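Written out below as structure tokens is the structure these notes cover.
Quick note: the coordinates plus some simple rules give every number you see, no bench work behind them. Fair warning: this is a prediction, and the values are worked out from it, not measured in the lab. Every residue, glycine among them, receives a Cβ derived from its backbone with ideal geometry; neighbour counts consider all protein chains shown.
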């Protein structure tokens, strides 16, 4: 179960999708209206001459000395209309893997953690290429993760190539589509070259994109040269871009949730304008990574319920605008795979599924998006499955809803021998992996009274021992390695770790 792709209800109301809406329609329109005023009257700071020229040529008011651009409302709506309301992302074999549209929901691991929670010691440490390979192989096997992410920033290569090296390792070890991003302006060309090598050329990559690139404005209301360059490159090459506005409530955005949503909307809409002016019709995703700023500790509370509320609310705004959506939910601020990790991650993932967030990134994440855990990843995969099942709702099938009651089975009997019982159980019931314990207490005690952590660690080991992702064709693998080797040698790397 990678995704739920159903609608709200059919004509008979037989498959109503449960939903979560945080905003009234008048409040949605008020937030968008105030965001449009911000763009027209305050504008955005843009630290790139090319992007400023794109805005100026497109009809925005641009002051090159202050690098500020003010965007009129009519231009915003024009660009929103040219952005596609739906598109697909493909796997390595060119098959559609994600359909970003409507209420569809897909999960992937959280991205860009710099640490891994060591399975043996239980302690956080710097991540290595070997860790990322294990995580990618694990995510490849997990049934409810529809995509990969460049989940770890590895410490055994120079920082200058860390962004493209993580993409390199994911491409080598999984055919699933990828959520990724750049850390340097120079990285995009190398990453695009690697993706094109795997896809079968630049034109085929544009036709069947297999990666989504994050583009993150700097709050409040600023586009750095790095992020806006990635946005422009995606627009011009036809690769999907994901707008990731990151309001930190009370620190880099207004403290009220509605106020933060106004800023988030303004920042993302400015990105839509830049992107669509550079490449009309190129795929763009309305995303974000908001957070509560916990002033008691000076931390960004990614697992806070208010964080989840704002993600679900802006997904509602994105749907109002007719744009596919993304959110960072499912991560926890806990430092270990404990009860806090479970409650924060499950709340976020379930709410995201009910809100119809098209791409939900966060599985496996701990400690304010800085640490990944393989054990948490397999537990989170179970949560993803439950969330997707919930989003399917309860279907009223054709005919009598309890047809067995009108046949051979009646009052005082049971359904165990009914020929349709097994069929309906398989169709209607999600049976989790052994990570979730549903045995009797006696059976649980007989097998060692294991905890969820114990069972998750066992599942990690079993998957890594037996699962071998579909390999790249030898010729493509060699080409991919050659691209990475040529880039790495510029930074003194002679041996590529993790391969």
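Using just the helices of the chain, give the 222 nm mean residue ellipticity in deg cm²/dmol: DSSP H runs with n ≥ 4 each add -39,500 (n - 2.57), and the total is spread over all residues, rounded to 500.
Computed mean residue ellipticity for the chain: -13500 deg cm²/dmol.
Report the calculated FRET efficiency for residue 218 and residue 258 (r = Cβ-Cβ distance, R0 = 22 Å), to the nearest 0.05.
0.55
For segment 263-370, what does the relative contact order come out to in percent, with C-alpha contacts under 8 Å and a separation of six or more?
Reported as a whole number, the value is 26 percent.
Rounded to the nearest 10 degrees, what's the angle between the helix 49-58 long axis and the longest principal axis of the chain, both from Cα atoms, 0 to 90?
So the helix axis and the longest Cα principal axis differ by about 90 degrees.
List the residues of segment 279-317 whose backbone N lies under 15 Å from a point placed 7 Å from the Cα of residue 82 along the Cα-to-Cβ direction.
279-284
Give, in nm to one decimal, the length gained when the segment between residue 294 and residue 335 is fully stretched (0.36 nm per residue of separation minus the Cα-Cα distance).
13.1 nm
Just want the ordering: 414, 144, 468, from fewest to most Cβ atoms lying within 10 Å of their own Cβ.
Final ranking by Cβ density, sparse to dense: 414, 468, 144.
If you find the alpha carbon centre of segment 287-364 and of segment 48-66, how far apart are they in angstrom?
33
Under the 0.36 nm per residue contour assumption, what length would be gained going from the current alpha-carbon distance of residue 486 and residue 184 to full extension?
Gain in length upon complete extension: 107.0 nm.
What is segment 127-204 by shape, rounded, prolate or oblate, if you read a ≥ b ≥ c off the alpha carbon gyration tensor as root eigenvalues and call it rounded for a/c under 1.5, prolate for a/b larger than b/c, and oblate otherwise?
Here segment 127-204 falls in the oblate category.
Let me make sure I get this right: for segment 449-499, a, b and c are the square roots of the gyration tensor eigenvalues over alpha carbons, sorted descending. Under 1.5 in a/c it's rounded, otherwise prolate if a/b > b/c, else oblate. Which is it?
oblate
Between residue 61 and residue 449, what is the label-point separation in nm under the 7 Å Cα-to-beta-carbon projection?
It is 7.2 nm.
Need the full-extension length gain, residue 423 to residue 93, defined as separation in residues times 0.36 nm minus the C-alpha distance. One decimal, nm.
115.6 nm
Kindly rank 441-448, 301-308, 346-353 from highest to lowest mean number of other beta carbons found within 10 Å of each residue.
By packing density, highest mean first, the sequence is 346-353, 301-308, 441-448.
Where does segment 214-306 land on the Kirkwood hydrodynamic radius, alpha-carbon pairs, in angstrom?
Radius from the Kirkwood sum: 13.5 Å.
Round to the nearest 10 and give me the degree value, 0 to 90, for the angle of helix 257-278's Cα axis relative to the longest principal axis of the chain.
60
Please say if segment 52-159 is rounded, prolate or oblate, where rounded means a/c under 1.5 for a ≥ b ≥ c the square roots of the C-alpha gyration tensor eigenvalues, and otherwise the choice is prolate for a/b larger than b/c and oblate otherwise?
Cα axes put segment 52-159 in the oblate bin.
So what does log10 I(q)/I(0) come out to for the chain at q = 0.06 Å⁻¹, using the Debye formula with one equal point on every Cα and no solvent?
-0.28
What angle do you read, to the nearest 10 degrees and between 0 and 90, between the alpha-carbon axis of helix 73-82 and the longest principal axis of the chain?
That helix lies at roughly 50 degrees to the long axis.
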